[in-house]
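Let me begin by presenting the structure, written as structure tokens, before commenting on it.
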């Protein structure tokens, strides 16, 4: 068994046991979590529940070629995003992230340096959310990298998808469609952009775009960052129902309405759209409204609240409409009513 | 969106949303778990902790072509085993399984019938262990089926790997090597054996074996079952340290010793080996001792206990040796001492 200091090239050369030792040491160096009795290194992680709080558990998988493409994403970014996606689910229940379990399914010929970057991303993100890596599983994969994470959190009071009532106001916590627009930019660029180094990377998109307009870092950077390294939003106080936007505003809003057995009316003019996206989308030949409604991977919170009872004063959110008895309606800028369609990302059928 | 009653052929035809509805309905029909406040259908599962108990969380991934081969394993069996593997980890901490989260990463062209069988296996096994499906994630896979499960359990008192002391006795809860021997039989047979129908399937292994001996169902059936549908063992009372045998007795025993900073001496003549395995192994050209020490996937519990203080009277386990101050030793049938090597399954390097 080789020591980790010899820096072997691939996972096959390193072996599972040495990798486990390395992960255990690395995870142990990054923060502690109150209540964690036993972390990595036994058959299961052990923890105590915070007094009087409800426990939450969620899991999300990300597969190479489906959820991420290493031709324009770094492994650091993949690790960071895997954590954010799970943290977003915990926040969407009104909770706080606490412990993460990681299932790493990697090809034997994968370079150790890549795995090391991946863990840097995972651990940096966990630190951001105040959570720790408490366990998981490492196995070989036949083809491509497949990542699974489950996250355990807790909440004083959980917020379900099913609590919306007619008359409630509908809010989102940030601009919509940026992530999808960033993904389009990355696909055109076809190479990774190192957001994690905090540098303004070269990003002059002059080819492959519809109009001959040069998109500089000031416009493209924030959009790409929203896709590569999303930051999950902490929940507001007083929400009556909540969901995080992972598959697109329209599909996730309709999910919330179905669970609550209500309808909704939103207003196109109230949808928050960033200046960056408003500028970049036409250059790419994309319609900002379509990106905002169906782009997906926004990882913003979408919630409802009784009028006047929503969130703290300093909480940043945009009102986009109201809950009704039935029907899913979007009111256009000219006041025309359209049916809100479930456009958004659906696995197996979307391409 | 097609209804589930139209029984579409593939996941692509069915779509993610219909599949989710189907899973939610199916999971809801199979048992309830005290303390589960919110199951499938929200951003995260919500549950309360049993009063005074410590919570446990574990996860395991299984990838097609690495952990299972659909040319000799049914999807029902894969589902059943995925649950057993996780339940075994919870039992190995002295706990009881409660909630499971499933990450299903499946190719779009996978048949719905296969997914349906897989869920039957998952839900039957969860029922066996008194646990319920509380959430998870469904995504498309680029190639092959990748499954992840995380399980949450609880224990009045957790048993770590690190509690063994010199003088403690060492026990295993069942025969060793059966699962590995069953896997060899399946590879020779090259087709699935339907254990789940409770039938004595045709199983005459007359070709591809070393000696011209016919292995009938009576011998082969129990071995194959141990590999395809292992049943995790409930923990004993009073164990000082415990681990489940997933990668082989030798490797897992050494893991326990390293965590406890102790040595061990086990006796070849005390290792429980089934009559089936003793009969089948030579026919396959395999050494029973090697299978018992390094075969892996036994999912028996390996534990230590102070002399005279171990488990209840009715608890079935075999004493195989004792904990020492240092060194990993196996005493042969003739009394000769050999060093116990970490033979067993290691990901990335084995295979």
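The values are calculated or read from the model by the stated rules, or taken from the named source; none is laboratory data. Because the structure is predicted, anything quoted here is derived from the model rather than measured. Note that each Cβ is placed from the backbone with ideal geometry, even for glycine, and that neighbours are counted across all protein chains shown.
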Subset of region A:88-113 (residues that are more than 30 Å from residue B:47 (Cα to Cα) and in a loop (DSSP other than H, G, I, E, B)): A:107, A:108, A:109, A:110
Which residue, of A:295, A:285, A:351, A:312, is crowded, with 22+ Cβ neighbours inside 10 Å, modelled with pLDDT under 95 and closer than 30 Å to residue A:228 by Cβ? A:295
Give the residue that is farthest from residue A:194 (Cα to Cα), with candidates limited to residues of region A:121-154 that are outside any strand (DSSP E or B) and facing chain B (nearest Cβ under 7 Å). A:142
Can you tell me which residue in region B:22-43 is modelled with the lowest pLDDT, limited to those that are touching a helix residue (DSSP H, G or I) at 6+ places or on another chain (Cβ under 7 Å) and farther than 25 Å from residue A:91 by Cβ? B:31
Criterion violated by residue A:22 - all others in (1) surrounded by fewer than 24 Cβ atoms within 10 Å (Cβ to Cβ); (2) assigned to a helix (DSSP H, G or I); (3) at the interface with chain B (Cβ under 10 Å from one of its Cβ atoms) satisfied: (3)
So residue B:238 ticks every box in (1) modelled with pLDDT of 95 or more; (2) under 27 Å from residue A:47 (Cβ atoms); (3) surrounded by fewer than 22 Cβ atoms within 10 Å (Cβ to Cβ) but one. Which box is left unticked? (1)
Residue pairs qualifying under the 6 Å Cβ cut-off, at least six apart or on distinct chains, with the first in region B:33-44 being without any contact (Cβ under 8 Å) to a residue 24 or more places away in the chain and the second being surrounded by fewer than 20 Cβ atoms within 10 Å (Cβ to Cβ), are B:41/B:24
Within region A:69-95, residues within 12 Å of chain B (Cβ to nearest Cβ) and closer than 27 Å to residue A:33 by Cβ come out as A:82, A:85, A:86, A:87, A:88, A:89, A:90, A:91, A:92, A:93, A:94, A:95
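With the structure loaded, tell me whether residue A:111 is in contact with a strand residue (DSSP E or B) (Cβ under 8 Å, 6 or more places away or on another chain), under 25 Å from residue A:238 (Cβ atoms), more than 12 Å from chain B (Cβ to nearest Cβ) and surrounded by fewer than 23 Cβ atoms within 10 Å (Cβ to Cβ) or whether it fails that test.
no
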Residue list for region A:44-66, restricted to those being in a loop (DSSP other than H, G, I, E, B) and more than 7 Å from every other protein chain (Cβ to nearest Cβ): A:50, A:51, A:52, A:53
Only one residue in A:9, A:15, A:39 is surrounded by fewer than 20 Cβ atoms within 10 Å (Cβ to Cβ), within 13 Å of chain B (Cβ to nearest Cβ) and at positive phi, so which one is that? A:15
Is at least one residue of region B:160-171 within 22 Å of residue A:141 (Cα to Cα), within 14 Å of chain A (Cβ to nearest Cβ) and either touching a strand residue (DSSP E or B) at 6+ places or on another chain (Cβ under 6 Å) or at pLDDT 95 or above (or both)? no
